[in-house]
1. State the extension gain, in nm to one decimal, for the chain segment bounded by B:His119 and B:Ser173, taking 0.36 nm per residue of separation less the distance between their alpha-carbons.
2. Where the centroid of each part is defined by its Cα atoms, how far is segment B:212-276 from segment A:79-136 in Å?
3. I want the local charge near B:Tyr267. Using Cβ-Cβ distances under 13 Å, sum +1 for each Lys or Arg and -1 for each Asp or Glu among the other residues.
4. Ignoring ligands, DNA and RNA, how much accessible area is buried between chains B and A, both sides summed, with a 1.4 Å probe, to the nearest 100 Å²?
5. Assuming a viscosity of 0.890 mPa s and a temperature of 25 °C, what translational diffusion coefficient in µm² per second does Stokes-Einstein assign to the protein assembly as shown, Rh being the Kirkwood radius over Cα pairs?
6. Quick one: length gained pulling A:Asn131 to A:Thr20 fully straight, 0.36 nm per residue minus the C-alpha distance?
7. I'd like the GluC sites (Glu not before Pro) in segment A:38-113 restricted to DSSP loop residues with at most 11 other Cβ atoms within 10 Å, sorted by number.
8. Provide the percentage of antiparallel DSSP beta bridges, counting only those with both residues in chain A; round to the nearest 5.
Amino acid sequence: MSATILEVRNLKKRFTLHETQTSFDAFDNVSLTVRAGSFTGLVGASGAGKSSILKCIYRRYLPSGGNCWFHTTDGEIVDLVTASDQRTLELRRKEIRFVSQFLHTLPRQSARKAVAEPLIQSEITPEDALNQATATLERIGLPQRLWDLPPATFSGGERQLVNMARALIVRPRLLLLDEPTASLDPASTRKMVEEIARLKAEGVALLGVFHDPELMDALAEEKIHVGGGVTWEKA
Amino acid sequence: MTVFETQNLTRFYGVRCPRCLEKTGAAAGTNICPDCGTVVALNNVNLRVPKGEILGVIGESGSGKTTLLRYLYGVDFGATGSALYRNPSGEMIELGELDPAQRRRLRDREFGIVFQNPHQGLNFRISAGGNIAERVLVSGERNYGNIRERATLLLDRTGVPTRRMDESPAGFSGGMQQRVQIARALATEPCVLFLDEVTTSLDLSVQAKILDLILELHQRTRLSILLVTHDIGVARMLASHCIVMRYGQVVETGLMDQILEDPQHAYTQELIGASL
Ligand SMILES: Nc1ncnc2c1ncn2[C@@H]1O[C@H](COP(=O)(O)OP(=O)(O)OP(=O)(O)O)[C@@H](O)[C@H]1O
Ligand SMILES: Nc1ncnc2c1ncn2[C@@H]1O[C@H](COP(=O)(O)OP(=O)(O)OP(=O)(O)O)[C@@H](O)[C@H]1O
Ligand SMILES: [Mg+2]
Ligand SMILES: [Mg+2]
Ligand SMILES: [Zn+2]
């Protein structure tokens, strides 16, 4: 069996909303393993907590309990639940990438610059970063006429390709996908699926959600069922 | 790695009584001691400023953002507690133990600052180029040609037309004045840049260009930046880390996107909710 990249153990997320004085669990007691070269799929009803799990692993949400053991390229094992902000940021820049349904880029930045940005944070020169961005956009299949325009002017599908390119440019070890094909037409979806198959072949570990059950069946080595009811209580 | 680490940093304005600290702060809902009227501008602030990153300091008016920045930059000496600064050679320096001349040397050699009000950061009686030259001189350069060359380069890099370098910044637009301030702040090649509401008084389109410039500078130089703003949009665009202040206290710290998407403290939830 291939190498373990991420082990999630008893992960939990509880939201407390002070204004309405409510607390509730988005999910509780989630355990799963993600291996190199394989795709672990999260399935469950709307609101079951799938996106929240991904966001907790990426620390866009603060987990409320449990562990996420990440095995780094250097052979270190880091608990993403307790890692410092700075360590989390370093891992996000180099090893763990997140592709959501939405692209967050700076308003006036070209697609090429947006894709190069994660690399500019590291040691290479801006010129090299832009060259690699070009190569990544080519690989992902964004039409060349769009490369120097800001993604804010793109269609949903084109934006999603930029989003994917931003994730891939750093050659991540773990890729988190939250419905990356939600706004894509059939042709772009096919391209995205091919890309994911290629990443698996390259040994990237993938964890994520596809709303299309057929896609999920085609891509996932393992499926994790999320759910069991959201419990509401007063804080 | 961090450039600054503070522990129980506290700044009083007033006579002080034994209960000032406990009677003020986020939970007390005020920064004015009800017993003696002292303003507790900073109340036991513990924070780390990450090296090479942009730390956004957000919070409402009067929460202590500028007071914090002024102490770390070294124009205010009245705080108690500890503030350690890691200099470029990696030594940790306790700011409270430095005398005013040493603080001044840090400001001149290792720090740069940009104020909201250009009058505070620029000398309007001399030319834009002169404003830069002043700082280049401070860093030890004495050759007129070199100084002028460096001023030209800095103005060019920050988007100020160099043909206007011999004019006073008094006649420049607000956005251009901020660019001259930024050029001036960069003149000594600082390793920490302090920015206090630098885009607050600018039109939105001008504001956007200044933010682009700051981001571009940061990407190229990897300066550590302390960015004080009450505009969450500005922090969202520039900062990777964030601290939230209220009534002189830090109520929350975290990665910028985490603070925006999953704020923990009641006040942060209110603040983020109001900005959506
Ligand atoms: N930032 C947040 N603040 C408060 N509650 C949240 C937040 N994010 C998610 N939730 C709540 O947590 C629960 C799980 O949401 P989540 O988005 O993880 O579900 P999901 O399984 O991804 O659903 P979908 O299939 O519709 O995308 C929901 O009740 C949601 O309202
Ligand atoms: N020299 C002073 N004397 C007395 N009180 C002062 C002095 N300087 C600041 N304060 C008080 O300290 C508190 C913090 O002020 P500070 O300027 O740090 O706030 P701020 O967060 O920067 O606010 P703003 O967003 O309005 O700039 C305020 O209540 C202010 O009135
Ligand atoms: Mg979801
Ligand atoms: Mg202020
Ligand atoms: Zn008092």
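1. Values: separation 54, 0.36 × 54 = 19.44 nm, distance 1.27 nm.
Extra length from B:His119 to B:Ser173 when fully extended: 18.2 nm.
2. First find each Cα centre; the distance between them is then 19 Å.
3. Values: positive: B:Arg246; negative: A:Glu19, B:Glu60, B:Glu252, B:Glu270.
So the surrounding residues net to -3.
4. Numbers: alone 12620 and 11680 Å², together 22390 Å².
Interface between B and A: roughly 1900 Å².
5. Working: Rh = 24.9 Å.
Once the numbers are plugged in, D ends up at 99 µm²/s.
6. Working: separation 111, 0.36 × 111 = 39.96 nm, distance 4.96 nm.
In short, 35.0 nm is gained.
7. Details: sites: A:Glu76, A:Glu90, A:Glu95; in loops: A:Glu76, A:Glu95.
Listed in order of number, the matching sites are A:Glu76.
8. Numbers: 21 of 37 bridges.
Beta bridges within chain A, antiparallel portion: roughly 55 percent.
The values are calculated or read from the model by the stated rules, or taken from the named source; none is laboratory data. Computed from a predicted structure; not experimentally measured. Neighbour counts are summed over all protein chains in view; Cβ atoms, including those assigned to glycine, are modelled from backbone coordinates with ideal geometry. Surface areas here come from the heavy atoms of the whole protein model, side chains and all, with no ligands, DNA or RNA. Shrake-Rupley method; radii C 1.70, N 1.55, O 1.52, S 1.80 Å.
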